[in-house]
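To keep things clear, I will list the structure first and then write my remarks on it.
The values are calculated or read from the model by the stated rules, or taken from the named source; none is laboratory data. The shown structure was predicted, so the numbers you read here are calculated from the model rather than taken from an experiment. Cβ placement follows ideal geometry from the backbone for every residue including glycine, while neighbour counts extend to all protein chains displayed.
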Amino acid sequence: MNSFTHYGQFMKFTLPEPDQKDVCNLCDKEVGKDNLITGKNANICFECSDLAKQLADEKRKEMAFKQVRELGDFLESIEGGTSMYEIAEKIYDAGYRKVE
């Protein structure tokens, strides 16, 4: 709340509160309805949405790297002379599936 005096009279004024339908629930910025992804219980601005996607992509990349390393370790543990079909069967039994 702001206040000032005018001709010796004390005056107060308040700024209007933004419409909650125009505010991002993550960063609390008033960005307007056109710049929000609206859901049932939350509004997310494009900037926060882009950041969330970037973080999710990085997390997926980390998970994929870990799984590739685990698969590499698994393949190294298979004794020589094993056919490719036996290796494929072991990989399938271990839970690895082609994802499209």
Residue list for the stretch 44-100, filter: among the hydroxyl-bearing types (Ser, Thr, Tyr) and under 30 Å from Gly32 (Cβ atoms):
Ser49
Which is at pLDDT 90 or above and not β-branched (Val, Ile, Thr), of Lys29, Lys33, Lys21?
Lys29
Can we say Ile78 is modelled with pLDDT of 75 or more, aliphatic (A, V, I, L, M) and surrounded by 10 or more Cβ atoms within 10 Å (Cβ to Cβ)?
no
Mind checking whether some residue in the stretch 32-47 is farther than 30 Å from Ala94 by Cα, loosely packed, with under 11 Cβ neighbours inside 10 Å and among the small types (Gly, Ala, Ser)?
yes
Restricting the stretch 45-100 to residues that are β-branched (Val, Ile, Thr) and in a loop (DSSP other than H, G, I, E, B), the one farthest from Val31 (Cα to Cα) turns out to be Thr82
As an exercise: evaluate Met1 against (1) modelled with pLDDT of 85 or more; (2) aliphatic (A, V, I, L, M); (3) over 30 Å from the mean Cα position of the chain (by Cα) and give the number of the one condition it does not meet.
(1)
